[in-house]
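The next block holds one structure in the form of structure tokens; read it before the comments.
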Amino acid sequence: MSRYSRHIVLSEIGQKGQDKLSTAKVLVVGAGGLGCPALQYLVAAGIGTVGIIDFDVVEESNLQRQILFGTSSLGINKAIAAKSRLEDLNPTINIIAYPHKLISKNAHVLFENYDIIVDGTDDFETRYLINDVSIITNKPVVYGAIYKFEGQVSVFNYKGGPSYRCLFPKPPKEGSVARCSEIGVLGVLPGIIGCMQANEVFKIVLDFEDVLTGKLLNYNAKTAQSSIISFSKLAVELEKTLSPKEDFKEKDEKSSETQVRIISASEAFQLDNPQFIDVREYGEYPQLNLTNYVHIPLDKIEHQIKQIHSEKVNILFCQTGTRSIAAVQILQGLGYTNCYTLEGGVFAIIAQLKIKM
Amino acid sequence: MNLKIKYFGLLAEITKCNEETLEFSKTSMSDLLEMLFEKYPSLKEKDFQVAQNLEIVSKETILSKSEIALLPPFSGG
């Protein structure tokens, strides 16, 4: 195909490499300063499936750097506007727009459908969410972030390599790092950094060596200087990583925890033959392969009570540890005394299983 | 020992330079940070990681190499 002839003549890519690109599935989170240039090169290069998730709409102040969009896109959702422009750029691939916010409830299912996640977000909460869900779903993340004239690029969770939390274990205090909207950014900078992110995607898909895993590339547009700082995997961060209580709780799922006993995943796994009861809906991700596991959605507990043995220690869990509190309260109302809600929910179990492996 | 210290992002705005060379006689990273916090009090409020000779290290590390970097997380996109 002449569209990709300049790739195919490269001995390092060839038809074989181009075929790899055409079967790759890449999800770009955020179609902003970083996401737009990354998307343009990913789509032009023939990445087979490109997903775009963004809840925001195109504003005039975006056009100084998000050159995927024109004035005709103003007021339109970014994922949808990007899809429409990109389909003209390359109609031979599959482009999917998700015009909503990435939250933990949709992230798991979404990530499962892709091979590589590109982080083009502009807030720490989503960055840590992307990191944590990518560990659970075992997807590499191509990270980019900018500040005025400087950019950072790295690849996390690549072939079991270090993650964002190995580099920056804790999210900074709220409001301590300003956003581009407050402090400004040189228009070309996200263009450069977003292209570097696209480049890392190609390196991963094409199995090139020297992917930026365990390495943070810093680029300064004013001095044209760049440096690469290496960092290691921190096993201790993995456990914290997967315990959402640590930093960003899901505000919408918070509720009172009175008189319900809480147990940590590490304590639960030390118990003698406990029963793990999953009170999430059927089909919620991540799914677990666990011994002594019973799956009863919260609203069915009373109907399926016979499956819960009162002589055992019952560990109830859900996604984050809120529905499981309600489940414990139901069981206590039915006379069960030996019930706990699992702190951190399913993520804490997965973290514990990974530590034990 | 002569230390070359590099500052990134908003830290460079606090120190008003991208890098500087300092004469330092103590041996640990925490001593160095204490000295920098005295020199630039606003640094103390900021989140950052430290690198020694292009490698992220803990803030308790013993200083062995002459190039230090202070790296804050960036959020912009």
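The values are calculated or read from the model by the stated rules, or taken from the named source; none is laboratory data. These numbers were taken from a predicted model, which means no experiment stands behind them. Note that each Cβ is placed from the backbone with ideal geometry, even for glycine, and that neighbours are counted across all protein chains shown. Ligands, DNA and RNA are excluded from the accessible area calculation, which covers all protein heavy atoms including side chains. Shrake-Rupley method; radii C 1.70, N 1.55, O 1.52, S 1.80 Å.
What helices does chain A have that are whole DSSP H segments, at least 24 Å long along their own axis by Cα, and with mean Kyte-Doolittle hydropathy of -0.5 or more?
Helix filter hits for chain A: A:188-205.
Counting Lys and Arg as +1 and Asp and Glu as -1, what is the net charge of the other residues whose Cβ lies under 11 Å from the Cβ of A:ASN338?
+1
Can you give the alpha-carbon Rg of the stretch A:5-230 over 2.2 N^0.38 Å, where N counts its residues?
0.95
Going through the cross-link list A:LYS203/B:LYS59; A:LYS78/A:LYS203; A:LYS105/A:LYS312, which pairs have a Cα-Cα distance over 29 Å in this structure?
Too far apart for the 29 Å limit: A:LYS203/B:LYS59; A:LYS105/A:LYS312.
I'd like the FRET efficiency for A:ASN106 and B:LEU3, computed as 1/(1 + (r/R0)^6) with the beta carbon distance as r and R0 of 51 Å, rounded to 0.05.
Working from the Cβ atoms, E equals 0.60.
How high is the relative contact order of chain A? Use alpha-carbon pairs under 8 Å, at least six apart in sequence, and give a whole percent.
13 percent
For the full complex of protein chains and a 1.4 angstrom probe, list A:GLU237, A:GLU302 by accessible area with the highest value first.
Final ranking, largest accessible area leading: A:GLU302, A:GLU237.
As a test of the definition: which semi-axes, in Å, follow for the stretch A:255-353 when you take the square root of five times each eigenvalue of its alpha carbon gyration tensor? Largest first, please.
17, 15, 14
Using Cα-only point scatterers and the Debye equation, what is log10 of I(q)/I(0) for the protein assembly as shown at each q in 0.06, 0.07, 0.12, 0.13 Å⁻¹, rounded to two decimals?
Log10 I(q)/I(0), no solvent term: -0.30, -0.40, -1.04, -1.15.
For the stretch B:40-55, just list the computed ³J(HN,Hα) in residue order, Karplus coefficients 6.51, -1.76 and 1.60, θ = phi - 60°, integers in Hz, with x standing in for Gly and Pro.
10, x, 5, 4, 4, 7, 9, 8, 7, 10, 10, 10, 10, 6, 6, 9
Over the Cα atoms of the stretch A:83-135, what radius of gyration and what Dmax do you get, in Å?
Radius of gyration, then largest Cα-Cα span, for the stretch A:83-135: 12.7, 35 Å.
Enumerate the whole-percent occupancy of each 5 Å bin, from 0 to the last occupied one, for all C-alpha pair distances of chain B.
The calculated distribution, bin by bin, is 3, 16, 30, 29, 16, 4, 1, 0, 0.
Who wins for biggest fluctuation among B:LEU32, B:LEU22, B:LEU63 in a Gaussian network model of chain B, springs between alpha carbons below 10 Å?
B:LEU22
Going by amide H atoms built from the backbone, whose H comes under 5 Å of the H on A:GLN225, apart from near neighbours?
A:ASN220
Can you list the HN-Hα couplings for the stretch A:220-234, worked out from phi with the Karplus curve (6.51, -1.76, 1.60; θ = phi - 60°), rounded to whole Hz and with x for Gly and Pro?
Coupling constants for the stretch A:220-234: 10, 5, 6, 9, 6, 8, 9, 9, 10, 10, 9, 8, 10, 6, 10 Hz.
Normalised radius of gyration for the stretch A:147-228, please: alpha carbon Rg relative to 2.2 N^0.38 Å, two decimal places.
The reported ratio for this selection is 1.19.
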